[in-house]
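The values are calculated or read from the model by the stated rules, or taken from the named source; none is laboratory data. For clarity, every value in this text was computed on a predicted model and none was experimentally measured. When we count neighbours, we look across all protein chains shown, and the Cβ atoms used for this are built from the backbone with ideal geometry, even at glycine. Heads up: the accessible areas ignore ligands, DNA and RNA and are worked out on the full protein's heavy atoms, side chains in. Shrake-Rupley method; radii C 1.70, N 1.55, O 1.52, S 1.80 Å.
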Amino acid sequence: MRLPWITAACVAVVAYSPPARRWYLTWGATPEEADAPLPGDELLTEPDLQSTRAVTIDAPPAAVWPWLVQMGSGRGGAYTYDWIENLFGLGMHSVDKILPQFQHLAVGEVLPLGPDGPGMRVEIFEPEQTLSFCSEDGNWVWTFHLRPDIPGKTRLFSRNRIAAPAASWASRLVTRFVMEPGSLIMERRMLLGIKERTERTTSRIGSRVPPGPDTPGSGPSTQPSSF
């Protein structure tokens, strides 16, 4: 009867060990990327928690940027597990296309995070480079940063910096053992969702190659004009 408990205890020790925690918080990022400063860090200089997750997208930053700009509740969604987010009343409905009406953000604009969550204010808006939000209470900074990779590719970083000045020990335990692994599940799906949408759209646009001079029918017509 003790074996299941011993097995569960061993699994828990491994799952919540420092190496596992670092993996939760830095999925997709190299150690150098996870430790390097990013634009937006200065908005919250002493966070209690930082996560840096990343993905490589087979498209240039210009193709990734529109998917970031339209994110949000009542906008383009978050490209993750909508049904989980909507359990918390966030009203997320992820779309699979670029929405022109949501392509115009400006510094100072506040996007709602569900009916009861703090608004997220745009603090940095540098097209095709950096988009940083800060919660209205000042305790959460969320930054998306685009870095051109090898020609035609992009490294997309998502960094969260969170302060919890009044958190109780119980709240910190919940964050440590529930929220951190849970955030990996949601943010990993988000990053992959952005990657999949961008690459699919870029591939579809790239396949519409205009006829070249050697393409049948592309040269001057030899038929008499009907006009």
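Here the simple spin-label model places points 7 Å from the Cα toward Cβ, and for L192 and D82 these points are separated by 1.9 nm. With the convex hull drawn around the C-alpha atoms of the range 74-158, the volume per residue stands at 115 Å³. Taken about its Cα centre, the range 20-59 carries a charge dipole of roughly 260 debye when the Cβ of each Lys and Arg holds +1 and the Cβ of each Asp and Glu holds -1. Rolling a 1.4 Å probe over the heavy atoms of the protein chains gives the range 50-94 an accessible area of 36 Å² per residue.
Here the range 35-82 is treated with +1 on each Lys and Arg Cβ and -1 on each Asp and Glu Cβ, and its dipole about the Cα centre works out to around 320 debye. Averaged over all directions, how much area does the convex hull of the C-alpha atoms of the range 114-167 cover when projected, in nm²? The Cα convex hull of the range 114-167, projected and averaged over all directions, gives 4.8 nm².
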